[in-house]
1. Any chance you could count how many residues in segment 185-221 are in a helix (DSSP H, G or I) and farther than 19 Å from Gln134 by Cα?
2. Looking only at segment 250-262, count how many residues are part of a helix (DSSP H, G or I) and exposed (fewer than 10 other Cβ atoms within 10 Å of the Cβ).
3. Can you tell me how many residues within segment 54-73 are closer than 19 Å to Gln98 by Cα and away from the ligand (no atom under 14 Å from the Cβ)?
4. Going by the conditions given, is Leu103 at pLDDT 95 or above and touching a Leu at 6+ places or on another chain (Cβ under 8 Å)?
5. How many residues does segment 231-249 hold that are closer than 19 Å to Arg309 by Cα, surrounded by 13 or more Cβ atoms within 10 Å (Cβ to Cβ) and not hydrophobic (A, V, I, L, M, F, W, C)?
6. Given the condition acidic (Asp, Glu), in a strand (DSSP E or B) and within 10 Å of the ligand (Cβ to nearest atom), answer yes or no: does some residue in segment 105-114 qualify?
7. So, in segment 160-184, how many residues would count as being in a strand (DSSP E or B), at negative phi and either within 12 Å of the ligand (Cβ to nearest atom) or at pLDDT below 95 (or both)?
8. I need the full set of residues from segment 84-122 which are under 18 Å from Lys166 (Cα atoms) and in contact (Cβ under 8 Å) with a residue 60 or more places away in the chain, in order please.
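The values are calculated or read from the model by the stated rules, or taken from the named source; none is laboratory data. In this text, all values refer to a predicted model and were calculated from it rather than measured experimentally. Here the Cβ positions follow ideal geometry from the backbone for every residue, glycine too, while neighbour counts run over all protein chains shown.
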Amino acid sequence: VKANVPLATNVVRTATLPVTQRYYSTRSTVVQLLNNIGSKREVEQYLKYFTSVSQQQFAVIKVGGAIITQQLPELASCLAFLYHVGLYPIVLHGTGPQINDILENEGVEPQYEDGIRITDEKTMSVVRKCFLEQNLRLVTALEKMGVHARPITAGVFGAEYLDKDKYQLVGRVNSVNKAPIEASIAAGALPILTSLAETPSGQILNVNADIAAGELARVFEPLKIVYLNEKGGIFNGNTGEKLSVINLDEEYEDLLKESWVKYGTKLKIKEIRDLLMHLPRSSSVAIINVDDLQKELFTDSGAGTLIRR
Ligand code: X2W
């Protein structure tokens, strides 16, 4: 992967003073930590690049619910690392597998239509419980690593019903309130969000976490939109090889013609393209495993699948 990183020559760092101090005081430690990942020059270059935009424009990181169950210590230490170098990713997590576990234990078969959970009243109470539990788990794990993390479980996403007959209590996001996220970052805390939304009359609606992360990216226009999942990228269904980079401008049409690009993969690629078309060219999407997060962010070669236009 050749990441699209313009060399930041005139770096204007807009961080508040305490964060700036933290950033520089830990800088040598950071470079040491990262020596096994990339060259010092590479790492420094990316650090400079990521800190050249406002703090809220560094990254939106979507964490799949399965990662909280399977890789919480790794996830927490990755996020803690970013925090300790003065970077404030906006973190949004899902909780799909936890919801399914509870439903299945109760003998209820999870229902999906086009990858969206059909959410009746009973399912909704499970969804809300799981979101709050997983949010607390992640926040607590971060606090144990010395990170100031702030749970943001409501008040961000405004929504209407996506299709009440088809999906019941599922929302289509129609507004994003940036204020709680901005306040969190201004206070030096990592914002940790769920993808629950609310109608104007106060009905809570369920929103797919990938979609909610995309909505965050549309309003914050971050340099990086990172989807963390266990698979760690998009794989060619015929050869089994990981696609290290997709340049949408040149490859999109051909990619859609590939026989293995169907169902969920097709939907995902289309959604990511739609998202990137709405964002500055400096924005890119990375799909990676949590173990590869630092490598993807701080090296030219990357680790997962990088998608850009
Ligand atoms: C999702 C929200 C959780 C989610 C659901 O109920 O599963 C809808 O489908 P993962 O772990 O990221 O899959 N909501 C409407 O997306 O979690």
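1. Filtering segment 185-221 for residues in a helix (DSSP H, G or I) gives 185-186, 209-220.
Now narrow it down to the ones that are farther than 19 Å from Gln134 by Cα: 185-186, 214-220.
Counting residues in segment 185-221 that are in a helix (DSSP H, G or I) and farther than 19 Å from Gln134 by Cα gives 9.
2. Going through segment 250-262, the residues part of a helix (DSSP H, G or I) turn out to be 250-257.
After this cut, where a residue has to be exposed (fewer than 10 other Cβ atoms within 10 Å of the Cβ) as well, the list is 253-254, 257.
Matching residues across segment 250-262 total 3.
3. Let us first name the residues in segment 54-73 that are closer than 19 Å to Gln98 by Cα, namely 62-73.
Of the ones still in play, those that are also away from the ligand (no atom under 14 Å from the Cβ) are 73.
Counting residues in segment 54-73 that are closer than 19 Å to Gln98 by Cα and away from the ligand (no atom under 14 Å from the Cβ) gives 1.
4. Numbers: at pLDDT 95 or above: yes; touching a Leu at 6+ places or on another chain (Cβ under 8 Å): no.
Here the answer is no, as Leu103 does not meet what is asked.
5. 4
6. First pass over segment 105-114, keeping only residues acidic (Asp, Glu): 106, 109, 113-114.
The next check asks that each one be in a strand (DSSP E or B); those that pass are 113.
Remaining after also requiring within 10 Å of the ligand (Cβ to nearest atom): 113.
Checked segment 105-114: at least one residue is acidic (Asp, Glu), in a strand (DSSP E or B) and within 10 Å of the ligand (Cβ to nearest atom).
7. Residues meeting the conditions: 5.
8. Once the filter is applied, which keeps residues that are under 18 Å from Lys166 (Cα atoms) and in contact (Cβ under 8 Å) with a residue 60 or more places away in the chain, segment 84-122 yields Asp114, Gly115, Ile116, Arg117, Thr119.
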